[in-house]
Amino acid sequence: MLRTNMKHSIKFGDGTLENGKFTGIDTYEDWHLIPSSRPNISMPGVETKFVTIPGMDGSLDLSQFIRKDRPAFGDRSGSFEFYVENDHEFWMTIYPKIVNALHGKRFKMVLNEDDPDYYWEGRFTVDRYESGDGNWSTVSISYAIAPYKRRIRKVSEKMIWDNFNFEKDYDYDPWNLDDVNVVGDGFLDIWGDGYPFQLEVTGLSGSVDVNFGGETKTVEAEATVKIGHAAYGSQRITFSGTGHVKVDWRGGSL
């Protein structure tokens, strides 16, 4: 007997938000698919390069020769298996719906119950559809997605606090990132949670030099620049000049 209370649904869409929520096709609400196990995303492979040199003990690790700050990762690949309840909708009706909606297409994907604050992005295929004992069938959906998941909301899109999970939520409002007043020299410390993101800095007035990730750019009023990269841990943005800027980014994680 199927555990129909175990939704663990997945949503596929283009990244549109409505009322603060990701919109798209929902595997449970739209197709009544029930996962055979909790959806789990596979780990990405680490891109490595080892060179053997005659006379040298061991090998030379060149894996981070170009990108010294972090390792590079390959795509994640795997599949999800779902039960299809035949008494909910005839299989020759539901199967074409799934194939036409997903097969070979590129989407953003959210694990609704298990990881609702982040989205993954990649290409999806419908591998197989198999008959069961008459009451249910199974369908398998494969994925090839980027190694990093990204936050659904940018910092400027106000985070909704979850009062029962303070460990994963961030509140940047005290920094007033929508209007940073720069007079002379100053700095701002932010936290990178894993994804190598760029800052988006928009000039509101005046002229401000911004340094981030070892890169400096001048931001004029009504202009937006992207600057630097950050990964994990505390990161510092420094400002100099006179004016007002808006600072924004979209975090992420492995």
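What follows draws every value from the coordinates through simple rules; no lab data is involved. Small disclaimer: the values here were computed from a predicted structure and weren't measured. Please note: Cβ atoms are built from the backbone with ideal geometry, for glycine as well, and neighbour counts cover all protein chains shown.
Data table
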quantity	calculated
Gyration tensor (Cα) of region 173-253, equivalent ellipsoid semi-axes in angstrom	20, 12, 11
On Cα atoms only, tilt of 91-102 relative to the major axis of the chain in degrees	20 degrees
Choice from Pro44, Pro35, Pro71 showing the highest fluctuation, given a GNM over the chain with Cα pairs closer than 10 Å	Pro71
Additional length obtainable on full extension of the chain from Glu222 to Asn100, 0.36 nm per residue less Cα span	39.6 nm
Net +/- balance of residues flanking His88 in space, Cβ distance below 13 Å, scoring K and R +1, D and E -1	-4
Amide H contacts under 5 Å for Glu47, placed H, 5+ residues apart	Ala72, Phe73, Gly74
Within region 238-252, backbone nitrogen closer than 20 Å to the virtual label 7 Å beyond the Cα of Asn211 toward Cβ	238-248
Value of D in µm² per second that Stokes-Einstein yields for the chain, Kirkwood Rh from Cα pairs, at 4 °C (1.567 mPa s)	61 µm²/s
Relative packing of peptides 234-241, 195-202, 47-54 - highest average C-beta neighbours within 10 Å first	195-202, 234-241, 47-54
Percent RCO, i.e. relative contact order, over the chain, from Cα pairs under 8 Å lying at least 6 residues apart	16 percent
Cβ-based net charge around Tyr119, under 11 Å, with every Lys or Arg adding one and every Asp or Glu removing one	+3
Efficiency of FRET from Cβ geometry, Thr238 and Arg67, R₀ 25 Å, rounded to 0.05	0.60
Gain on full stretching of the segment that runs from Arg128 to Asp114 - 0.36 nm per residue minus C-alpha separation	2.6 nm
Net charge of neighbours whose Cβ lies under 13 Å from the Cβ of Asp14, counting Lys and Arg as +1 and Asp and Glu as -1	+2
